[in-house]
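Visitor: Quick one: this structure, given as structure tokens, is what I'll be asking you about.
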């Protein structure tokens, strides 16, 4: 029983990281159908932002608190720039967008290498987040994992509310559902696109800050994360957040269970097979907005 | 070419719903073999969705029979092989292939892999005949993407001919065409219907009056009226639907009441 | 709204009866030109290159030609079929590992075990799944059939459920990630991160001997030419036309009575086989196969050469792949960082602004020349957009 719960918590905490990484993609890929391979480098940018801030702010706790909004803005600005300079020209060619943003991601990685050096660097975690919480039954949960879970859930809640309640959120949803109609209804779709990209990329920045709590950070940290995150959105379904949330945790638990029963590497394969099998059943993902178009 | 078997279309109590919204709500209609049936109705009446259901693009309940074959429940390409062909509102020829290649592909669904692996040499007879029928023989080598709008629509019809479709479902074939092109298209439909059954979705009332042999009016997913052009025009329910929906006036039919 | 479309200049010349052989569909001359092209390529690869290049450069060229084989496959799957496969490294790796396993076993002798297995010391005897690879009759076909089988398995599941476009690209990339993690995780039997290294012999020939290296080069060059001939036949066959139709209108093709899934599956499986063969030949040429050569990053790097050369053409992918691989060696030796920037820039500039690759520049130049290419040549995405623009105007 304890083992079971232990695995469940491990799975949930893997899922929380996945969710935090995938949330920005749920916006840019899920809502705008743009495959931004440089998303992983926005995560990296968030992580390095924390690292840089710690050079001047000595208190690890304070620097973390400051890093969250700063990383959001830094990564968000990078995303908005990318949208304006490149992605905007490529909306009709999603596969080409993928390749172009991959090129951007290569350049950003090299930039990080040139600025911060190739070896990974370590940031300091606040005292408060280094311990464990003991639960009845001999279980422990690491504080940093708990923090990430909280951050992920808070980000989901904030994003959901923002999409539902703010005028910007309504505009984003309008553009997602019918771009042309939104445009003729007086919505400046290009500005909405830019803002959506800012927010989606900003969320990647938050994920980057969170990841500094889990281990060292480096120039290529984004590459491996990004694929899992894309899979979350693919399986979760386009156009809605709830699919990504459910799938992130489901994949996390599957990964943890698979790892417990076999090995890490076999678990990865199990997850991949499970995803292909799931897409047999629901090729459009868990939730989907129906459209009438042929494609 | 085809025509040794002329079949009719029989639609019984077909329903289609998307996430709770019922787009087609129990439509039944009979299109006798060799008919040119026009489907009309205000936007959102369910015309295109009905054709989608017949061709397997959307899931539906009820029954659709063409000749002896039940169509519902089969995958799109199987339905197509039973002799059902359709066009789309937006032209969907393969723009980067030549007219000839477009037709050759349409003619080839029954080819085996051995034929597919070889080059096309010369022009198959049915393709040559279709090129003549649709009047694009001179343009056979041109990329389909360079054709004028009307010509693309004809190419689509030509593709249905070589595909050996015995039921043609045409979604707004004359939208955006000039008068001359409309006349040519109408004449083409009459030629084609000699050994085929044709169903046309169309908003153009002038075109309808000249070429329809029978008309079905759909409204809100149901059959509102059915009969000859004159019968349908005289039907007060039809007039009410069109006149009662001023929003639809643009797309609906000038002169239905005339 | 009537005849607004300007007639393309090239085809207006020949109002021949429709059922005659179409003018641009070759009887004699273009076939002759193809033969001449192949002869030229063969002369270049078999006579000129071995004469002017040092042994070292020639072995580098052998490596590039392997990359070019993968590119030929990607050109078919992506350029013609619209399937952006970001996991060709998996197939390259399957072929490479199958070959390397056989060569390692051959090096070790009939009773022996590969050196690394003894090094990690966990195994007393050869794992079961290694055993068949001792026989060349199993291992050699496996280098091609194994990747094809995996592609068939994944493809038939995925295409039938209409998973396509970006979804497919991401899945194929995830496959590469999973494969690499699996290889690294099973270090005892796969060599882990190091991969299978230090391969000494190739069917009895010592790979350290330059003469034998040269032989390997000739095998590779010959294979590439054979694959090009195969690709050419495929592209110009009815199937090739159908594949383009599926790329541009999958649903439309379905309504014509075809199952697009099978059409795509063939291209994907063929591309996988080509990548597998490339991987198999890469091993004797370079002497190593490892996860670093087949993961996410190398898999997507296979694509860049194809994009640079011209994804939808026959020769573009080959030339692009060789050029990019060559530039990489030349630059990264001297300025490692610069190459990464340049590679990134290549992705951005070529894909965003020249989607037809260098081949589209070539086609453009020829059209300016006045020697107008026949209409069917204009298959590049650039031509597609041009065509689209031409027809949009009157419709507005």
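Here, each number is a calculation from the coordinates, and none is a lab measurement. Owing to the predicted nature of the structure, the values given are computational and were not obtained by experimental measurement. For neighbour counting, all protein chains shown are included, and Cβ atoms are generated from backbone atoms with ideal geometry for every residue, glycine included.
Visitor: Distance from the Cα centre of the stretch C:244-299 to that of the stretch C:37-88, in angstrom?
Guide: Their Cα centres are 16 Å away from one another.
Visitor: A follow-up question, please. Contact order normalised by length for chain B, with contacts defined as Cα pairs under 8 Å and 6 or more residues apart; what percent is it? The partial results should precede the final answer.
Guide: Numbers: 489 pairs, mean separation 70.3, N = 258.
Reported relative contact order: 27 percent.
Visitor: Something else now. Per residue of chain A, what 222 nm ellipticity follows from adding -39500 (n - 2.57) for every DSSP H run with n ≥ 4, rounded to the nearest 500?
Guide: Values: 11 runs with 212 residues, N = 295.
Calculated from helices alone, the mean residue ellipticity at 222 nm is -24500 deg cm²/dmol.
Visitor: Cβ neighbours within 10 Å, averaged per peptide: list C:57-63, A:247-253 in order, most packed at the top.
Guide: Highest to lowest by the protection proxy: A:247-253, C:57-63.
Visitor: Another question about this same structure. Assign one of three labels to the stretch B:29-184, namely rounded, prolate or oblate, based on the Cα gyration tensor with a ≥ b ≥ c the square roots of its eigenvalues; rounded applies when a/c is under 1.5, prolate when it is not and a/b is larger than b/c, and oblate otherwise.
Guide: Details: a/c = 2.02, a/b = 1.26, b/c = 1.59.
Here the stretch B:29-184 falls in the oblate category.
Visitor: What is the Cα centroid distance between the stretch A:225-248 and the stretch A:76-153, reported in whole angstrom?
Guide: Rounded to whole Å, the Cα centres lie 16 Å apart.
Visitor: Here is a further query. How high is the FRET efficiency from residue C:215 to residue B:121, r the C-beta distance, R0 30 Å, rounded to 0.05? Please report the intermediate quantities before stating the final value.
Guide: Details: r = 40 Å, r/R0 = 1.33.
Step by step, r from the Cβ atoms, then E = 0.15.
Visitor: Next question, about the same structure. Under a crude label model (7 Å from the Cα following the beta-carbon direction), how far is residue C:345 from residue B:191 in nanometres?
Guide: That separation, rounded to one decimal, is 5.8 nm.
Visitor: Can you figure out the FRET efficiency of residue A:128 with residue A:162, using R₀ = 25 Å and their beta-carbon distance, to the nearest 0.05? Spell out each step's value before the answer.
Guide: Details: r = 28 Å, r/R0 = 1.12.
The calculated FRET efficiency here is 0.35.
Visitor: For chain A, modelled as a Gaussian network with Cα springs under 10 Å, which listed residue fluctuates most, A:202, A:236, A:59?
Guide: A:59
Visitor: Could you give the length gained by full extension between residue A:261 and residue A:181, i.e. 0.36 nm per residue of separation minus their alpha carbon distance, to one decimal place?
Guide: Numbers: separation 80, 0.36 × 80 = 28.80 nm, distance 5.14 nm.
Stretched fully, the residue A:261-residue A:181 segment lengthens by 23.7 nm.
Visitor: Would you calculate a helix-derived [θ] at 222 nm for chain B, using -39,500 (n - 2.57) for each DSSP H run of n ≥ 4 and dividing by the full residue count, to the nearest 500?
Guide: On the way: 10 runs with 85 residues, N = 258.
After summing the helix terms and dividing by the residues of chain B, the value is -9000 deg cm²/dmol.
Visitor: Between residue B:21 and residue B:70, what FRET efficiency comes out of the Förster formula 1/(1 + (r/R0)^6) with R0 = 22 Å and r the beta carbon distance, rounded to 0.05? Walk me through the intermediate numbers first.
Guide: Values: r = 26 Å, r/R0 = 1.17.
Calculated value: 0.30.
Visitor: Averaged over its residues, how many other protein chain Cβ atoms are within 10 Å of peptide B:99-106's Cβ atoms? Intermediate values should be presented prior to the final figure.
Guide: Numbers: counts 1, 5, 8, 4, 0, 4, 10, 7.
Partner Cβ neighbours, averaged per residue: 5.
Visitor: Using only the Cα atoms of the stretch C:66-197, construct the convex hull and provide its projected area averaged over every direction, in square nanometres to one decimal.
Guide: Over every viewing direction, the Cα hull of the stretch C:66-197 projects on average to 8.6 nm².
Visitor: Looking only at other chains, what is the average number of their beta-carbon atoms within 10 angstrom of each beta-carbon in B:151-163?
Guide: Per-residue shielding by partner chains comes out at 1.
Visitor: If I model a spin label as a point 7 Å beyond the Cα along the Cα-Cβ vector, how far apart are those points for residue C:233 and residue A:242 in nm?
Guide: Roughly 5.5 nm, to one decimal.
Visitor: Same structure again: Give the relative contact order (percent, whole number) for chain A; include only Cα pairs under 8 Å separated by 6+ residues.
Guide: The value is 37 percent.
Visitor: Hey, in the GNM for chain B with a 10 angstrom Cα cutoff, which one of B:125, B:171, B:195 fluctuates hardest?
Guide: Sorting by GNM fluctuation, first place goes to B:125.
Visitor: Over the C-alpha atoms of the protein assembly as shown, what are the Rg and the largest Cα-to-Cα span, Dmax, in Å?
Guide: Gyration radius and largest Cα-Cα distance of the protein assembly as shown: 30.4, 96 Å.
Visitor: Quick check: from the Cα gyration tensor, does the stretch A:161-245 come out rounded (a/c under 1.5), prolate or oblate? Write out the running numbers ahead of the final one.
Guide: Values: a/c = 2.51, a/b = 2.04, b/c = 1.23.
Verdict is prolate for the stretch A:161-245.
Visitor: If you don't mind, another one. Looking only at other chains, what is the average number of their beta-carbon atoms within 10 angstrom of each beta-carbon in B:82-94?
Guide: Values: counts 1, 1, 2, 3, 2, 2, 5, 1, 2, 3, 7, 4, 10.
Average per residue, whole number: 3.
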